[in-house]
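Beneath this line is the structure, given in structure tokens, with notes to follow.
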Amino acid sequence: MRLMKHTTDKHSFMTRYFAFLQRRSIGDRLIFHTALIFLCASLFYVVLQANTKNLTTVPGSGGTLVEGIVGTPRFVNPVLAITRADHDMVALIYSGLLKLDTDGNLVPDLAESITRSEDGRTYNIKIRQNVQFHDGTKLTARDVAYTIGLIQNPDLKSPLRGNWEGVLVEELGEYELNIVLEEAYTPFIENFTVGILPRELWDTLPTEQLPFSQNNTEPIGTGPYYVSDALRSKSGLINAYKLSAYNGHNSQPKIDTLVFNFYQTEEELLEALQNNEIASTPSLSPATLAEVDTTRYNIVEKPLPRTFSLFLNQNRSSALRDNAVREALSTAINRDELIAQVLNGYGIPIMNPVPPGFVVIEPEATQTTQSPNDARIEQARSILENGGWNVNEDGVWEKEIDEETVPLRITMSTANTSLFDQTATVIQQTWEELGVVVSVDQYEQTDLVQAIIRPRSFEVLLFGNDIGRSVDLYPFWHSSQKDDPGLNIAQYTNIDADVFLETARETEDTAERMAALTSFATLVENERPAIFLFTPTFSYVVDNNVALSDLGKLSTPSERFANIETWYMTADALWPVFNSR
């Protein structure tokens with residue numbers, strides 16, 4: 001009866017409405033109809049706007065991401081990984097005690113907790129008890145101790161061995177161990193991101209056979225993805241990997257499948273990208289990035305903790321001991337233009353040894369404004385003139401130093417790679433425009449290290465430093481490291497600088513560490529033991545249809561995968577009330 005009454009009422013309303021209109025004039029009816037249409041359209045617009053405003057994107061599961069990499073993986077093993085292809089695969093297949101979150105902070109992964117002792121020397125580690133390797137075996141403290149032992153084994157020659165020298169590992173139980181350092185070193189905790197190997201799979205092999213084991217290309221780890229298929233060439237080299245999502249301990253990746261195709265040259269890789277055979281790549285050089293179709297691909301750019309500089313050996317050149325010379329040489333260089341020419345714009349100018357993006361330096365230690373070239377050259381000339389330098393009849397700057405007439409001539413030493421060659425050429429042209437006589441000597445990388453860097457046999461050295469995520473500048477600038485095998489290439493010595501570096505290395509107080517690094521950067525910027533040029537950026541080309549999380553602070557390109565569980569290729573648009581995820 002209620003339904004019939006409702007229907008009757010509705011008909012009665014409609015009948016009265018149309019009867020009302022029939023009694024109106026044509027003009028009135030037109031006005032009423034127009035108003036009704038406007039009202040309906042307005043209501044529709046309000047509903048549409050509310051719908052658009054309140055809809056949220058909910059990441060979905062599924063999809064296959066195909067990536068291209070230049071190189072061939074040989075050691076998909078966290079202890080032996082060398083190449084970029086090795087490290088990329090290790091980052092996906094293995095997991096460590098700690099991992100990076102989306103803000104670039106270290107958070108527990110395999111570890112349930114890590115507690116540092118008051119003296120800073122001992123780390124007590126408790127491991128999650130529900131973790132299984134991809135083959136179903138459980139992970140315990142013995143696997144962690146075994147992995148560290150392999151790294152420390154001098155016969156294996158692990159690239160990571162230097163990070164773990166003098167470290168003692170104490171197993172306290174099936175899921176607990178202590179790691180003890182010889183002395184406190186705050187940045188050491190970065191080493192806990194190293195992937196953990198399954199002891200049962202490896203410890204039956206003699207040390208000398210480990211680099212040749214098939215386990216290196218058929219890896220088993222606890223990472224977010226496992227190897228589900230591999231394509232090999234006739235010679236046995238890996239041409240492609242298919243990785244499938246592994247829903248173990250903390251991992252629930254949204255992208256089901258990752259496919260990695262490996263190419264021998266950048267040209268082959270670029271062709272594959274242009275032919276839509278791959279959706280992402282980290283392997284394109286700055287020059288080649290100009291050929292990427294930016295309507296289809298995003299180019300994600302992140303700074304790396306690396307600095308390229310001109311190290312000045314004041315022991316080999318009396319001219320370089322003059323502060324006016326060092327200031328003028330630095331002033332003359334247009335770093336923005338240098339980056340544009342050498343890196344196709346993919347870099348950040350720097351004026352001190354602290355790589356940007358990892359440490360917030362206070363205003364007193366910041367990079368200077370890059371003025372036009374003509375103005376910079378004139379400014380540099382004025383600095384030399386005010387410093388007592390004069391141009392002789394041959395057009396060469398000279399000055400009386402220690403009762404000897406010293407000409408401003410410089411020999412620059414560097415590697416014979418494309419990057420260093422282009423950088424050296426630009427700087428040479430700039431300094432010659434200033435009136436400085438410059439010659440450039442180039443060497444193979446090994447010869448540069450053995451014959452030039454280790455004996456400190458150079459006047460000016462164009463070289464790069466890989467600082468690392470922790471931004472520990474002690475090895476590169478502390479006076480105790482000025483002689484080989486130390487890395488203080490400029491042989492810089494300053495008591496105050498040493499104190500700042502020691503404080504930054506030892507303190508756990510973030511504010512105190514930032515203050516120490518700021519003071520150190522200001523001191524070095526003023527004294528100029530080196531001329532700092534730029535920090536390169538890492539460029540990741542990825543299809544617009546792939547949604548990435550913020551890559552955070554990357555110390556290596558492979559760290560782009562630190563939060564790959566949050567990446568997705570499919571999504572739904574829902575009102576929040578319907579979103580139960």
Original post:
Considering the dipole of the chain built from charges on the beta carbon (Lys and Arg +1, Asp and Glu -1) around the Cα centre, which of VAL391, VAL259, ALA375 is farthest to its positive end?
Top reply: VAL259
Subject >> Under 30 Å, Cα to Cα: Lys pairs in the chain, sequence gap 8 or more or different chains >> reply: 28
**OP:** Work out which helices of the chain, taken as complete DSSP H runs, extend at least 15 Å along their axis over the Cα atoms and score a mean Kyte-Doolittle of -1.0 or more, then list them.
**Re:** 2-22, 26-54, 141-152, 418-434, 495-506, 510-527
Subject >> Positive-pole candidate from LEU461, GLN491, ILE151, dipole of the chain, charges at beta carbon >> reply: ILE151
Original post:
Which distance in Å, rounded to a whole number, links the C-alpha centroids of the stretch 313-334 and the stretch 80-126?
Top reply: 42
Original post:
Just for the stretch 306-537, what percent of DSSP beta bridges are antiparallel, to the closest 5?
Top reply: 70
Original post:
Which residues make up the longest stretch of the chain clear of GluC sites (Glu not before Pro) that lie in a DSSP loop with no more than 14 other Cβ atoms within 10 Å, not counting the sites?
Top reply: 1-117
**OP:** Take the alpha-carbon centre of the stretch 419-490, take the same for the stretch 514-557, and report the distance between them in whole Å.
**Re:** 19
**OP:** Report the convex hull volume per residue for the stretch 306-537, counting only C-alpha atoms, in Å³.
**Re:** 124
Original post:
Any idea what log10 I(q)/I(0) is at q = 0.06, 0.09, 0.11, 0.13 Å⁻¹ for the chain, Debye with uniform C-alpha scatterers and no solvent?
Top reply: -0.43, -0.82, -1.12, -1.44
**OP:** Specify, per residue and in Å³, the volume enclosed by the convex hull of the alpha carbon atoms belonging to the stretch 371-455.
**Re:** 125
Subject >> Test item: Cα-centred dipole of the chain, Lys/Arg +1 and Asp/Glu -1 on Cβ, debye >> reply: 3880
**OP:** For every helix of n ≥ 4 consecutive DSSP H residues, a contribution of -39,500 (n - 2.57) applies; sum these over the chain, divide by its total residues, and give [θ] at 222 nm rounded to the nearest 500 deg cm²/dmol.
**Re:** -9000 deg cm²/dmol
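The numbers here are math on the coordinates, done by the rules we state, and not lab data. Worth saying up front: this structure is predicted, and the values here are computed from it rather than measured. FYI the Cβ positions are ideal-geometry reconstructions off the backbone, even for glycines, and counts take in every protein chain you see.
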